[in-house]
Amino acid sequence: MNKKRTIKPHKKKLKLRINVVVKLLLSLLIIALFSYYFLNLKIKNIVIKGTTNIKDVTIIEKANIKDYPPIYRLNIKKTKEQLEQIPLVDSVKIKRNIFGKLTIEINEEKILFFYKYNNKYITNKGNSISDSEDYYGYPTLINFTPDTVFDNLVKGLNKIDYNVVKMISEIEYTPYKASDGTIVDNNLFTLIMNDTNTVYIDTVNIKNLNKYPTIYASSNMDAERGVLYLDTINDDRIYFKSYSTIAKEEAAGESADKEAQKEQE
């Protein structure tokens with residue numbers, strides 16, 4: 001009669017321990033391999049979002065990633081701080097994934113105008129950017145503007161649709177003066193638009209500038225250029241006068257002055 005062979009308890013425990021150790025070693029090996037892989041996984045793809053004026057090469061060089069270093073060895077906090085030193089950078093977000101893709105999302109300050117007096121670009125936050133880059137398509141403030149009025153201009157343009165701001169070619173500070181040269185209203189500006197129309201505006205009523213596209217479409221401004229008067233709180237006083245009409249009125253005024261002069265003689 002065959003007897004069943006029995007395994008002693010200590011042998012069972014030993015076998016169980018060996019299995020546990022083998023599984024643990026395998027797990028540690030897998031973890032080590034994955035750790036090695038991720039620590040040495042180089043950046044394979046750099047995606048930069050949100051930039052208009054800042055060049056990709058500037059971002060890549062400032063972030064020290066032009067040699068595509070290991071993506072998970074990148075110090076995100078330090079890289080963000082480096083990128084925030086770039087003029088026009090307002091904020092930065094950085095994301096990375098296990099496939100080696102690095103995404104850098106930049107929130108740029110918006111350029112409002114170029115200030116000819118100090119050769120600086122002025123942003124929506126009132127910051128001055130040196131003219132070290134070629135930025136195109138922005139208005140130029142052509143003359144000196146007192147600090148308080150300047151600040152009000154920046155605040156006012158921040159209330160204007162950015163597409164409308166970029167329709168401006170030239171800004172001139174033109175305070176209204178009495179006949180003796182005394183400044184009566186120091187908040188007035190004359191704007192030359194890209195379409196060669198002229199706009200009179202002040203910092204108090206600067207929001208009226210948002211109406212420019214609508215007025216342009218509803219008036220005859222596309223056929224005949226002229227002056228749009230937006231420096232008023234009353235919509236009934238907003239009106240457009242063509243350059244040809246203004247020229248005729250000025251000619252008529254000069255003619256009347258000459259006639260009056262003759263009568264006095």
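Read-outs: derived from the displayed coordinates by stated rules, not from any lab. Everything numeric in this text was worked out from a predicted model, so none of it was measured. With ideal geometry, Cβ positions are generated from the backbone for all residues, glycine too; neighbour counts draw on all protein chains shown.
Data for the structure
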item	result
Fraction of beta bridges assigned by DSSP in the chain that are antiparallel (%, nearest 5)	70
Kyte-Doolittle mean at least -0.5 and Cα axial length at least 30 Å: DSSP H helices in the chain	9-40
Given K42/K93; K62/K207; K93/K116; K116/K155, the pairs whose alpha carbons are separated by over 29 Å	K62/K207; K93/K116
Column: log10 I(q)/I(0), Debye, Cα scatterers of the range 111-254, q = 0.13 Å⁻¹	-0.60
Highest-first arrangement of 58-66, 201-209, 143-151, 244-252, where packing means the average Cβ count within 10 Å	201-209, 58-66, 143-151, 244-252
Cβ-placed point charges (K, R +1; D, E -1), dipole of the chain about Cα centre in debye, nearest 20	5920
Spin-label model distance (nm) - Y229 vs E259, 7 Å beyond Cα toward Cβ	2.3
Histogram of C-alpha separations across the range 169-241, 10 Å bin width, %	19, 51, 24, 5
In order through the range 100-107: 3J(HN,Hα) via Karplus (6.51 cos²θ - 1.76 cosθ + 1.60), integer Hz, x for Gly, Pro	x, 8, 10, 10, 10, 10, 9, 9
Rough spin-label spacing in nm, given labels placed 7 Å along Cα→Cβ, for E84 and N127	1.0
Amide H partners (placed H, <5 Å) of K110, local residues excluded	N124, K125
Cα centroid separation - the range 185-252 against the range 41-109, whole Å	44
Reachable aspartates and glutamates from K159, criterion Cα separation under 16 angstrom, eight or more residues apart if same chain	E109, D151, D202, D231
S242 long-range amide H proximity, modeled H, under 5 Å	V227
Residues Y162 and N75, FRET efficiency given R0 of 41 Å [Cβ-Cβ distance, rounded to 0.05]	0.75
Highest average packing first - 220-229, 83-92, 102-111, Cβ atoms within 10 Å	102-111, 83-92, 220-229
Cα→Cβ-extended label distance, 7 Å offset, between N64 and V184, nm	6.2
Geometric extent, Cα atoms of the range 45-108 - Rg, Dmax (angstrom)	10.7, 31
Check: the range 111-254 dipole with +1 on Lys, Arg Cβ and -1 on Asp, Glu Cβ, in debye	360
Spherically averaged projected area in nm², based on the convex hull that wraps the Cα atoms of the chain	28.8
